[in-house]
Amino acid sequence: MSSLLQFLRSTVFTKIVMAITGLLIIGFLIGHMLGNLLMFAGPEKINAYALGLKNLGPLLWLVRLGMIAAFGLHIWSSIQLAYRNKMARPVQYDTKKSLKSTFASRTMLVSGLAILFFVIYHLLHYTFGIIQPNTYHAGGYRMESTGEIVHHVYNMVVAGFQNPYISISYILALIFLSSHVSHATTSAFHTLGVMNPNAKKITSKIGPALAGLFLVGYLSIPIGVMIGVIKKAPDQKYVSTMTKDCPDTPDCKCE
Amino acid sequence: MKLESNIPSGPIEQKWDKHRAEAKLVNPSNKRKYRILIVGSGLAGASAAATLAELGYNVDCFTFHDSPRRAHSIAAQGGINAAKNYQNDGDSIYRLFYDTVKGGDFRAREGNVYRLAQVSVNIIDQCVAQGVPFAREYGGYLTNRSFGGAQVSRTFYAKGQTGQQLLLGAYSALSRQIGAGTVTMHTRNEMMELVLVDGHARGIVTRDLVTGKIESWSGDAVIFATGGYSNVFYLSTNAMACNVTSIWRAHKKGAGLANPCFTQIHPTSIPQQGEYQAKLTLMSESLRNDGRVWVPLKANDNRASHDIPENERDYYLERKYPSFGNLSPRDIASRAAKEVCDEGRGVGPGGRGVYLDFSAAINRLGEKTIAERYGNLFEMYERISGENPYTSPMRIYPAPHYTMGGLWVDYNLMSTIPGLHVLGEANFSDHGANRLGASALMQGLADGYFVIPYTIGHYLAGVKPGEITNEHPEFKKAVADVEGRVSKFLSINGKRTTSSFHRELGMLMWNNCGMARSESSLKEALQRIPEIREEFWNNVNVVGSANELNTALEHAGRVADFLEFAELMCIDALERDESCGGHFRTEHQTEDGEAKRDDEKFCHSSVWEYSGDTAKPNLHKEQLTFENVKLATRSYK
Amino acid sequence: MKLSLKIWRQKNKNSEGIFKNYVLSDVSPDMSFLEMLDTLNEQLLSKNEDPVAFDHDCREGICGSCSMMINGKPHGPESKTTTCQLHMRKFKDGDEVIVEPWRASAFPVIRDLVVDRSAFDRIIQAGGFVSVNTGNAQDGNTLPIPKPDADAAMDAAACIGCGACVAACKNASAMLFTAAKVSHLGYLPQGQPERQRRVLKMVEQMDNEGFGNCTNTNDCEAACPKGISVHNIARLNRDFLKAKLFG
């Protein structure tokens, strides 16, 4: 038992928690990005995808809880480590130069915090519809395939990104995210012990590659909206069956 | 003073076995009642501390370093000899013994040297078991190289860092015991005085280098493993803190000091570059395996090395010693370098240097192979000198490196003071007048791992444990002496720094008692040393206080002891009116400049007893008898 | 050359430290950095001022005593070089040189540039050894060790324990030091019986000493005068995980 406690207290263990939860989050980010890219396939596809997710029911909640746990543990371990690191060098150097470390690796706490704020903002924006409620309730969508009226995710996203401030905030956030990911992924492999001179050739490139992928993949959507590649679909004036608490604003023309 | 070497009787091959069989033992349950104080944590000290603690004794180990791993053993580069005969090239215990006696120019005790050769094989096994990463062949077996004047490959090595790896091995064994609580480690504590009670070594006085606290420690036996005194020359390859204090303190308390004039000058050091220089850097002797030593044929030839054609170069070692060539023993190679420089054929600043040229080896083996063998040494050379040894030859010059002399010990490694045991370079025992390459590591570990654990038991079996504590008046007196000395240093308030005195003494010793000595140079030194000493005690300036980390104060104590010891060294060199090994009296040389021994008069170890007056020590002689190796003129031609 | 030096001066562990400025002229490019400090100290002593205390001993780059942050880099500007082996030809006339001690709570400053690195010793004492008593060993050639393993062990064992890795790490982590020892013994068959116990004990001690964590920035590897690779850290992590999951 005491050895288990020691294990849990150990810095190496904390790092392992951070690495595993980080990799889970990266897995989620890949899936999320692939889903989002359906924006380019038009409203029918992405709205169907969103519906599909909703229909997962308990499974969706399982994933959501999993992600909440992963985020929670990731944040918990970062607090643990950051506190320890702060204590490990109470007096700073007058002059300190970095030798081999990347900018990203030295600013993980900053980029991590930025991402945390962004995630909250992002959830308030597109999941809870508290920011920009108008665009959130921009009207329902009648599925061409089934005729079902669903939440018009497509138009919600387009309307959101048509606001340049919002787009810029997403672009900024993605820069932080890619910076974080570029160090984090490689680092996670090393923390989990995946590194030797051969493996390093791959692991050292995974981080930057993923960071680039996220940057291009995720940013293609706001940029696509801004340059007009992704255009708003005609309003169908339907109310999504999924928005139960319609605020009944002038813009929201409920049937 | 009685010099009983206690060499066991019988054939040389059986002496050690016989001795071990006859040695008294301490009952296992009684061992923990004994406390052993060990000063020094290098190869000899750390290996002894670890092994004695494993046996069950209580051990207190002292070092002035911040960690036992910093001891200067760590800097040994080349390797460690052992008569394993893994190479099937004709090596044997007898041959290692023979080579060592001959290499020491017949001034070492046969019995001790044979034992050294015997236990050498156990050392390798022990170190391998500890995880020392010796170099290996592709088949996974240990590899060897030939080293410094040996005609067989018996040197084990770990890159160019053999001393480091062996020390880290001993340090790990010591750390294990510290972790287990059987060794109490006292770091940043300098030994200031030895305490005798009724003529037996029963304790030491130390100064905590951080707080300045002076404390005394009592034990049932004391071990000194405090290294050599090459820093008497100021510029040497020894670490900055290496000193003679423990040896000198013991000597002043009555321990015989043997052959202090036997100092080794290493042939391959980087030449001095300027006045400010604090120490010389050694390049491993292994470089001589592939490098060729040469100087211009003509004196005062100022051309750059590559402008001197082949037929105007003098590969003097190959010329004078055809069978050993560039691998001739250290004393011979060093003196030959001095000789050519004295002839005005030296190279580099001040004409004090000779070339060590790798171009032939690079042509033969390729730069890659040379880089594999010596890469780190080449880098080191380039860092220090700013020159690239791949394209231009290195410049080397001899430098003080090792001291064969030291406290006299018997076969049990006990000094003339009962209870005071001396290990490693600090004793005089195994190398005679010259030490062969890769034998220092061997001796340090042999003493610590395989000799002292047996012989100290024999001594302790006759001692009642814990009888004396540091409440004894002798301890109070010793502490008061040390305190008095410290306050004396601080109260002089003169004009000169400790370093300036050390430099002055070193220069004098190097010129007058260095690679070549003569009656007149020694007499001159004997006149100058007391003068420098007198000025030191009247004009040194030690700033700061006693109760803090005070590097000037530490240095003052060491320099003060060097200033007394140097006198004895010159007296010994003057008394030994012959040339042998590292001791070269210019009056005694053959026609072609080789050392000329005088076995009639000097086939003995000179053991000096302190008389109360440093100028008039009493001389005792331990006659050396050679029953197994025929006394012969050493020839490396 | 003429240099302006800005050096950390601190009387003892408990006192406040401060930077002091010194101007040193006639610095020869062939001097080592420590010889430059020796020269400064000689001048200070002649003015009855306390010399700058710094740890040093072998001056050959192997004992690991010297330890100072020079212009923001451990052991100064030259890579794979200890302070004692750094020569003044790496500086220019008129340069400002800032000299500070290692900074880490596990390495308290004792005086000026001298820090207490005994934490490293305690990490080794916790498990950085093979438990073999003197006299137990079998013949050295009974156990063939593949050359690549022996070489890798040697590379890890080359650590001199100077603490530059801790000094360079933004988190003051001692992972490279600890990992080098874990790896050295982990590569060798002699180290196997205690492999799991060793890594757990050493990591535990490392944590107890108050070092920070490894965030894989690799600054330690760049600062290491012996070029010890960060691969050793991954090996430690692997050994640690294995020891916990299957130990």
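The values are calculated or read from the model by the stated rules, or taken from the named source; none is laboratory data. This one's a predicted model, so the numbers in the text were calculated from it and none came from an experiment. We place every Cβ from the backbone using ideal geometry, glycine too, and count neighbours over all the protein chains shown. Note: areas computed on protein heavy atoms with side chains; ligands, DNA, RNA excluded. Shrake-Rupley method; radii C 1.70, N 1.55, O 1.52, S 1.80 Å.
At a Förster radius of 30 Å, what calculated FRET efficiency corresponds to the Cβ-Cβ distance of B:TYR390 and C:LYS147, to the nearest 0.05?
0.75
Return the ratio Rg/(2.2 N^0.38 Å) for the range C:122-171, where Rg is computed over Cα atoms only.
1.58
How many angstrom lie between the Cα centre of the range B:548-588 and the Cα centre of the range B:88-116?
First find each Cα centre; the distance between them is then 28 Å.
Please give the helix A:108-122 orientation as an angle from the longest Cα principal axis of chain A, in degrees from 0 to 90, rounded to the nearest 10.
With both axes taken from Cα atoms, the answer is about 20 degrees.
Distance in nm between label sites at B:GLU318 and C:LYS6, each 7 Å beyond Cα in the beta-carbon direction?
About 5.5 nm separates the two model spin labels.
For chain B, what is one quarter of the convex hull surface built on the Cα atoms, given in nm²?
Averaged projected area of chain B's Cα convex hull equals 26.9 nm².
Okay, which of the range B:557-599 sit inside 17 Å, backbone N to the point 7 Å along the Cα-Cβ direction of B:LYS523?
Inside the label zone: B:570-578, B:585-588.
Can you pull the Rg over Rh of the range C:89-161, Cα-only, Kirkwood?
On the Cα set of the range C:89-161, Rg over Rh gives 1.18.
Quick check: convex hull of the Cα atoms in the range B:332-379, volume per residue, rounded to a whole Å³?
101
Take the Cα atoms of the range A:31-131, find their three principal axes, and give me the spread along each one in whole Å, biggest first.
59, 28, 26
Roughly how many Å² of B:GLU483 are accessible to a 1.4 Å probe, to the nearest 10?
Rounded to the nearest 10, that gives 90 Å².
Considering amide H positions built from the backbone, and no H for Pro or chain starts, which residues 5 or more places from B:ASP314, or on another chain, come under 5 Å of its amide H?
B:VAL295, B:LEU297
Check which residues have an amide H placed less than 5 Å from B:VAL195's amide H, if you skip close sequence neighbours.
Those lying under 5 Å, H to H, from B:VAL195 are B:ARG202, B:GLY203, B:ILE204, B:VAL205.
Between the range C:223-244 and the range A:152-200, how far is it from one alpha carbon centroid to the other, in angstrom?
Value for the Cα centre distance between the two parts: 28 Å.
Once every DSSP H run of n ≥ 4 in chain B is given -39500 (n - 2.57) and the sum is divided by its residues, what mean residue ellipticity at 222 nm do you get, rounded to the nearest 500 deg cm²/dmol?
Using -39500 (n - 2.57) per qualifying helix, the result is -11500 deg cm²/dmol.
Please give the FRET efficiency for B:ASP599 paired with B:GLU467, using the beta carbon to beta carbon distance and R0 = 30 Å, rounded to the nearest 0.05.
0.05
Quick one: Cα centre-to-centre distance for the range B:365-434 and the range B:166-219, in angstrom?
26
Out of A:LEU210, B:PHE324, B:THR245, whose Cα points farthest toward the positive end of the dipole of the protein assembly as shown (charges: +1 Lys, Arg; -1 Asp, Glu; placed on Cβ)?
It is A:LEU210.
Along the charge dipole of the protein assembly as shown, which of A:GLY147, B:ILE370, B:PRO68 sits closest to the positive end, that is, farthest toward it, with unit charges on the beta carbon of Lys, Arg, Asp and Glu (+1, +1, -1, -1)?
Among A:GLY147, B:ILE370, B:PRO68, the one farthest towards the positive end of the dipole of the protein assembly as shown is A:GLY147.
Output wanted: per-residue J couplings in Hz (rounded whole) for the range B:388-398, from phi through Karplus 6.51 cos²θ - 1.76 cosθ + 1.60, θ = phi - 60°, x for Gly and Pro.
In residue order, the calculated couplings are 9, x, 6, 9, 10, x, 5, 10, 10, 8, x Hz.
Compute the distance in nm between two label points, each set 7 Å from the Cα along the Cα-to-Cβ direction, one at B:LYS298 and one at A:ILE131.
Label-label distance for B:LYS298 and A:ILE131, simple model: 8.6 nm.
Would you mind checking B:LYS24/B:LYS630; A:LYS200/C:LYS226; B:LYS279/C:LYS73; C:LYS170/C:LYS226 for any pair whose Cα atoms are more than 30 angstrom apart?
B:LYS24/B:LYS630
Just to verify a number: what accessible area does B:LEU574 come out at with the full protein assembly present, 1.4 Å probe, Å² rounded to tens?
50
For a quick check of your reading of the filter: which GluC sites (Glu not before Pro) in the range B:537-625 sit in a DSSP loop and have no more than 14 other Cβ atoms within 10 Å?
Within the range B:537-625, the qualifying GluC sites (Glu not before Pro) (loop, at most 14 other Cβ atoms within 10 Å) are B:GLU587, B:GLU591.
Select from B:ALA480, B:ALA333, B:SER606 the residue farthest towards the positive end of the dipole of chain B; place +1 on Cβ of Lys and Arg, -1 on Cβ of Asp and Glu, and compute about the Cα centre.
So the residue furthest toward the plus end is B:ALA480.
Taking a quarter of the surface of the Cα convex hull of the range B:479-623, what do you get in nm²?
For the range B:479-623, averaging the hull's shadow over all directions gives 10.1 nm².
Taking 7 Å along the Cα-to-C-beta vector as the label spot, tell me the A:LEU213-A:ILE30 distance in nanometres, rounded to one decimal.
In this crude spin-label approximation the distance works out to 0.5 nm.
Order A:TYR126, B:TYR86, most accessible first, counting only protein heavy atoms with a 1.4 angstrom probe.
Sorted by accessible area, descending: B:TYR86, A:TYR126.
Expressed as a rounded percentage, what relative contact order does the range C:113-247 have, with Cα pairs under 8 Å and six or more residues apart?
Contact order relative to length: 33 percent.
Using unit Cβ charges (K, R positive; D, E negative) and no other charged atoms, how large, in debye to the nearest 20, is the dipole of the protein assembly as shown about its Cα centre?
Charge dipole of the protein assembly as shown: 3060 debye, to the nearest 20.
Take the cross-link list B:LYS253/B:LYS464; B:LYS338/B:LYS596; B:LYS31/B:LYS252; B:LYS298/B:LYS338 and give me the ones stretching past 21 Å between alpha-carbons.
Too far apart for the 21 Å limit: B:LYS253/B:LYS464; B:LYS31/B:LYS252.
Calculate, for B:GLU483 and C:ASN48, the FRET efficiency according to 1/(1 + (r/R0)^6) with r their C-beta to C-beta distance and R0 35 Å; round to the nearest 0.05.
0.95
Among all the aspartates and glutamates, which ones have a C-alpha under 20 Å from A:LYS15's C-alpha, if same-chain residues fewer than 8 places away are not counted?
C:GLU204, C:ASP207, C:GLU209, C:ASP219, C:GLU221, C:ASP239
Over the Cα atoms of the range B:266-401, what radius of gyration and what Dmax do you get, in Å?
13.8, 40
If you build the convex hull over the alpha carbons only and average its shadow over all orientations, what do you get for the protein assembly as shown? Give it in nm² to one decimal.
Averaged projected area of the protein assembly as shown's Cα convex hull equals 50.7 nm².
Largest first, what is the accessible-area ranking of B:TRP537, B:TRP408 with a 1.4 Å probe?
Listed by decreasing accessible area, they come as B:TRP537, B:TRP408.
Roughly speaking, what is the stretch gain from A:TYR165 to A:LYS86, that is 0.36 nm per residue apart minus the C-alpha to C-alpha distance, in nm to one decimal?
The A:TYR165-A:LYS86 span can extend by a further 24.9 nm.
Run the dipole for the range C:118-246 about the Cα centre, Lys and Arg Cβ at +1, Asp and Glu Cβ at -1, nothing else charged, and hand back the magnitude in debye, nearest 20.
280
What figure in square angstrom, to the nearest 10, would you give for the accessible area of B:ARG313 with a 1.4 Å probe?
Solvent-accessible area, nearest 10 Å²: 40 Å².
Which order do A:TYR83, C:TYR187 take when ranked by solvent-accessible area (1.4 Å probe, heavy atoms of all protein chains), largest first?
The most accessible residue leads, giving A:TYR83, C:TYR187.
Of all the C-alpha pairs in the range C:3-110, what % are more than 23 Å from each other?
Tail fraction, whole percent: 23.
With a cut-off of 8 Å between alpha carbons and a minimum separation of six or more residues, what is the relative contact order of chain A in percent?
Value for chain A: 27 percent.
Any number yet on Rg/Rh for the range B:44-157, C-alpha, Kirkwood?
Here the Rg-to-Rh quotient is 1.00.
Just to confirm the filter: which GluC sites (Glu not before Pro) across the range C:32-96 are DSSP coil and have at most 16 other Cβ within 10 angstrom of their Cβ?
C:GLU49
Report the full-extension gain for the segment A:ARG106 to A:ILE202: residue separation times 0.36 nm, less the Cα-Cα distance, to one decimal in nm.
32.4 nm
Report the local net charge at C:PRO189: Lys and Arg +1, Asp and Glu -1, summed over other residues whose C-beta lies under 11 Å from its C-beta.
That works out to 0.
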